[in-house]
Amino acid sequence: MLSKDQDRIIQEGLAFIEEEFDEGVSRALVSLTEISRGYLSERKELEAEQTIASIKEIGKAAALQGMENAAVNAIISLDKILECSMKQNMESTTVKVLLSFGIIGKTAAEHKLETVARLAASMLGKSGNTAVLMNREKETIAVTIALGEIGKAAARMKFPDISENAAICVSCLGDTGKLAAQKMLEEAAVGAEIMLEEMAAAAMEESLQSATGSIAASIEEIGKSAEEEEMENAVFQAASALQTIVSSAESRYLSSASIAARIALEAFNELDIVNSEENIKKIEEIREMMKALWTESK
């Protein structure tokens with residue numbers, strides 16, 4: 001349960017958003033950041049997570065209100081907390097911070113606050129590499145979920161093919177997924193492929209052929225790295241995702257996207273990929289786990 005002082009700060013922060021008073025929101029975020037870091041130093045993880053949830057709500061409300069500076073400050077606050085939670089190896093708290101980046105970034109992308117969405121995606125890209133190098137698979141999966149959700153929102157906006165934010169998400173997902181495959185974090189590699197496939201679907205809905213081609217290339221790179229490490233599920237998901245993209249692109253008469261996906265798929269044509277029930281079940285388990293994490297973070 002939040003203390004009366006914390007609850008007051010949160011309510012003030014939300015009220016300042018309604019008043020569009022940036023300085024007041026900033027003060028509230030600074031106070032909540034220090035409170036959360038204090039909890040983490042005392043290893044009071046539950047209390048810290050409650051404060052993180054409040055910062056996320058303030059950041060989301062700021063994005064909905066179009067208050068770019070306040071939303072940026074919320075992301076900066078979360079980044080300071082993330083540094084503490086990662087140092088202390090508090091996985092649950094770290095996952096909640098990473099998914100909070102996704103919530104604020106997605107909301108920002110949907111409301112054309114490109115600077116906010118870009119900052120959130122960049123923070124996630126950096127965090128993904130760190131999590132992989134530290135062999136923290138659940139944290140890496142959280143990064144892929146958050147990047148994918150921001151990327152899907154960016155792809156659905158009526159920007160020229162392709163918006164910078166969508167491109168950043170594709171690049172970061174590709175890098176994180178490839179590194180995860182190289183480090184034998186198979187579920188994280190599969191997670192990146194799943195989110196890239198979902199991004200491709202969003203891009204094709206908007207007839208973004210160049211974006212779809214970039215996504216196909218990223219999936220291919222992850223799959224090839226997975227093949228080198230003999231990670232059957234990640235190779236299977238890469239090939240399956242590319243086949244889905246080819247089929248969907250053709251049905252929508254997106255010839256350039258279809259050709260790009262077919263070229264990517266050729267990298268797997270000579271592999272003996274078994275379409276087994278075991279592979280399908282494992283991919284579905286990962287997909288459902290990711291959906292549950294995202295739903296819980298909202």
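The values are calculated or read from the model by the stated rules, or taken from the named source; none is laboratory data. Because the structure is predicted, anything quoted here is derived from the model rather than measured. Here Cβ is always computed from backbone atoms with ideal geometry, including for glycine, and neighbour counts include all displayed protein chains. Surface accessibility is based on the protein's heavy atoms, side chains included, excluding ligands, DNA and RNA. Shrake-Rupley method; radii C 1.70, N 1.55, O 1.52, S 1.80 Å.
Miscellaneous remarks
- So Ala239, is it assigned to a helix (DSSP H, G or I) and either within 28 Å of Thr130 (Cα to Cα) or modelled with pLDDT under 95 (or both): yes
- Restricting region 54-105 to residues that are surrounded by 23 or more Cβ atoms within 10 Å (Cβ to Cβ) and among the charged types (D, E, K, R), the residue that is farthest from Glu20 (Cα to Cα): Lys96
- Hits in region 82-107 (condition: of a type in the set (S, T, N, Q) and either farther than 23 Å from Glu42 by Cα or over 15 Å from the mean Cα position of the chain (by Cα) (or both)): Ser85, Gln88, Asn89, Ser92, Thr93, Thr107
- Checking each residue in region 27-53 for being among the small types (Gly, Ala, Ser), surrounded by 21 or more Cβ atoms within 10 Å (Cβ to Cβ) and under 19 Å from Val95 (Cα atoms) picks out Ser36, Ala48.
- Selected residue (criterion: most open to solvent (accessible area, probe 1.4 Å)) from residues of region 17-26 that are touching a residue at least 24 places away in the same chain (Cβ under 8 Å) and of a type outside the set (D, E, K, R): Ser26
- Restricting the search to helices (runs of 4 or more DSSP H) fully inside region 1-91 and requiring at least 2 residues that are farther than 27 Å from Thr140 by Cα and among the charged types (D, E, K, R) gives 4-18, 22-41.
- For Glu198, the conditions (1) within 22 Å of Ala167 (Cβ to Cβ); (2) open to solvent by 20 Å² or more (accessible area, probe 1.4 Å); (3) at pLDDT below 95 are fulfilled apart from (3).
- Region 108-122 - residue that is of a type outside the set (D, E, K, R), within 13 Å of the chain's Cα centre (by Cα) and surrounded by fewer than 24 Cβ atoms within 10 Å (Cβ to Cβ) and, of those, nearest to Asp175 (Cα to Cα): Ser122
- With respect to being open to solvent by 20 Å² or more (accessible area, probe 1.4 Å), assigned to a loop (DSSP other than H, G, I, E, B) and out of contact with any Gly (no Cβ under 6 Å at 6 or more places or on another chain), Ser207 fits the description.
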